[in-house]
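*Asks:* Here it is, the structure in full.
The values are calculated or read from the model by the stated rules, or taken from the named source; none is laboratory data. Here the structure is a predicted model, which is why all the values come from computation and not from measurement. Virtual Cβ from ideal backbone geometry, glycine too; neighbours counted across all protein chains shown.
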Amino acid sequence: MTEQQNAEGFASAQAVLVGLITRERKEEECTISMQELERLLDTAGGTVYAKMVQSKETPDIRTCIGSGKVEELAELCHAGNIKLVIFDCDLSPAQIRNLEKELDENGEIRVIDRSMLILDIFALHATSAEGKLQVELAQLNYTIPRLAGHGTEMSRLGGGIGTRGPGESKLESDRRHIKRRIAALEADIRSLEAARATQRKQREKSGVPKVAVVGYTNAGKSTLLNALTGAGILAENKLFATLDPTTRKFSLPDGTEILLTDTVGFIRNLPHHLISAFRSTLEEVVYTDVILLVLDVSDPECASQLSVTKQLIEELGAGDKPVLYALNKADLCQNGTENAGVRPFGTDNADTVEISALTGMGLTQLVERLAEIIHNGKKTVWFRFGHDAQAQAAQLYKYASVLRAEYVDDGTYLYATADKKALGMFSAYLSEAPACEAE
Ligand SMILES: Nc1nc2c(ncn2[C@@H]2O[C@H](COP(=O)(O)OP(=O)(O)OP(=O)(O)O)[C@@H](O)[C@H]2O)c(=O)[nH]1
Ligand SMILES: [Mg+2]
């Protein structure tokens, strides 16, 4: 399905969004998630007709929201001639069936949940062969339990939000066909994975350090990669603009070449089948040397986005990688990033750099920090040892690699590459370059 078809066919799709506050899902969380759902709908090409939230101890087993609310929802849909209802929480196949039946006796109102909407956006944005296969696989895995006893009914779903993508025509087929298709897709993805692994091994052999640019969707990852490397990746104010990892070479100031990879964005409540379908693309994070974690510090939800991102990094098995935090969109923060609530998450200053990928602010410092981390905390700096500290100067030769020495009136200046330990040991002797250097 192309963007053009989308614009013609679905751009005007209006929907009612439904959220649920429960014992486990507090009001605040629900509000944030509903706002995000609205942005997801916007990205999918739809608009919000109305939002409805119910407070309930636990979700109703039959219809998620209570029966009174279902009636209210039906009235709302009929009044506005709305054909699409999107639930912010996950719905079981039975809940979807019950809701669709009770909202409209002709079954003309379609009910989807947050996961299906995300899948729909993924289908719209997948461009590479691998991306398309992954989306189709995720869609089919999602569809199969929902087909139970409803093999023929699926055909009425036609086009529209929640049904797009390469899997669309196959949804009309029976389960057995879908199962065969899933097996074929899994085989195709496995062979692409194997090709990716071979590529990765070659890169590893070359010893080129790898940096994965990771973060919440819309944080500015692609904009940053474009600013650093002129990669020309699509960056836009939409969720999940990037689905396929793009890798570009980048030279650090000292000439060291590294590989920077843009990755698919994270989001709260990312459906598990999506994580597993996109595992091979997300795996870039596992095989990286350094994670460059981009945060949108202008977003009031920055702190919770950071915790979601960290949790997903853990889940992918990359929790032990060194992380450099890029506090992006600092240009939008009038009062600095202190207010953004990032600090409580323990992003200690050494590993955070305020930047604006858009204006270029802070990028030089970011690259310098990145270089330090890649060189394992090593820095090349000047030390000055006064005449009474010549013994310490001799020691420095043991702990660091001295590149140059200048003997000046006020002492010995040594220019050396020192690791973290040596920098700590000799911190009292750190110095500006000697005057003869500055000239
Ligand atoms: N003001 C401002 N806007 C920025 C900055 N960096 C990125 N943006 C904007 O933020 C939006 C999202 O940027 P992207 O680079 O597409 O974000 P992403 O993290 O790659 O997003 P996904 O690929 O969707 O996960 C775009 O509209 C950018 O122009 C920044 O430093 N300042
Ligand atoms: Mg992107």
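*Asks:* Say we look at segment 218-238 and pick out the residues that are assigned to a loop (DSSP other than H, G, I, E, B) and surrounded by fewer than 21 Cβ atoms within 10 Å (Cβ to Cβ); which of these is nearest to ligand 1 (Cβ to nearest atom)?
*Replies:* N237
Okay, residues lined up against (1) outside the structural domain of S33 (by TED's automatic domain parsing); (2) surrounded by fewer than 19 Cβ atoms within 10 Å (Cβ to Cβ); (3) modelled with pLDDT of 85 or more:
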{"position": "L282", "(1), (2), (3)": "yes, no, no"}
{"position": "D296", "(1), (2), (3)": "yes, no, yes"}
{"position": "A326", "(1), (2), (3)": "yes, no, yes"}
{"position": "G336", "(1), (2), (3)": "yes, yes, no"}
{"position": "D348", "(1), (2), (3)": "yes, yes, no"}
{"position": "D351", "(1), (2), (3)": "yes, yes, no"}
{"position": "S356", "(1), (2), (3)": "yes, no, yes"}
{"position": "Q365", "(1), (2), (3)": "yes, yes, yes"}
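*Asks:* Taking the residues in segment 75-128 that are out of contact with any Pro (no Cβ under 9 Å at 6 or more places or on another chain) and of a type in the set (K, R) as candidates, determine which candidate is farthest from L239 (Cα to Cα).
*Replies:* Here the residue is K101.
*Asks:* Also, quick follow-up: Residues of segment 239-270 being outside any loop (DSSP other than H, G, I, E, B), more than 10 Å from ligand 2 (Cβ to nearest atom) and either among the hydrophobic types (A, V, I, L, M, F, W, C) or surrounded by 16 or more Cβ atoms within 10 Å (Cβ to Cβ) (or both), which ones?
*Replies:* T247, R248, F250, I258, L259, L260, T261, F266
*Asks:* Tell me, yes or no, whether segment 296-306 has at least one residue that is within 16 Å of ligand 2 (Cβ to nearest atom) and not in a loop (DSSP other than H, G, I, E, B).
*Replies:* Checked against the condition, which is being within 16 Å of ligand 2 (Cβ to nearest atom) and not in a loop (DSSP other than H, G, I, E, B), segment 296-306 yields at least one hit.
*Asks:* Evaluate segment 191-213: report whether one residue or more is within 11 Å of ligand 2 (Cβ to nearest atom), in the same structural domain as E354 (by TED's automatic domain parsing) and assigned to a helix (DSSP H, G or I).
*Replies:* There is no residue in segment 191-213 that is within 11 Å of ligand 2 (Cβ to nearest atom), in the same structural domain as E354 (by TED's automatic domain parsing) and assigned to a helix (DSSP H, G or I).
*Asks:* Restricting to segment 309-331, and then to whatever is touching a residue at least 60 places away in the same chain (Cβ under 8 Å) and within 13 Å of ligand 1 (Cβ to nearest atom), can you tell me which residue is farthest from T288 (Cα to Cα)?
*Replies:* Looking at the filtered set, the residue picked out is K329.
Listed here are the residues, each with its yes/no results for (1) hydroxyl-bearing (S, T, Y); (2) under 16 Å from A371 (Cβ atoms); (3) modelled with pLDDT under 80.
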position	(1), (2), (3)
G220	no, no, no
N226	no, no, no
L234	no, no, yes
N237	no, no, yes
P245	no, no, yes
F250	no, yes, no
L260	no, yes, no
V264	no, no, no
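*Asks:* Continuing with the same structure: Residues to consider are A405, A393; find the one that is touching a strand residue (DSSP E or B) at 6+ places or on another chain (Cβ under 6 Å) and not in a helix (DSSP H, G or I).
*Replies:* Criteria check complete, one pass: A405.
*Asks:* Any residue in segment 27-43 that's under 10 Å from D88 (Cα atoms): show its pairings with residues that are buried (at least 19 other Cβ atoms within 10 Å of the Cβ) and of a type in the set (D, E) at Cβ separation under 6 Å, as long as the two are six or more apart or on different chains.
*Replies:* Final answer for the pair search is S33/D88; M34/D88; L37/D88.
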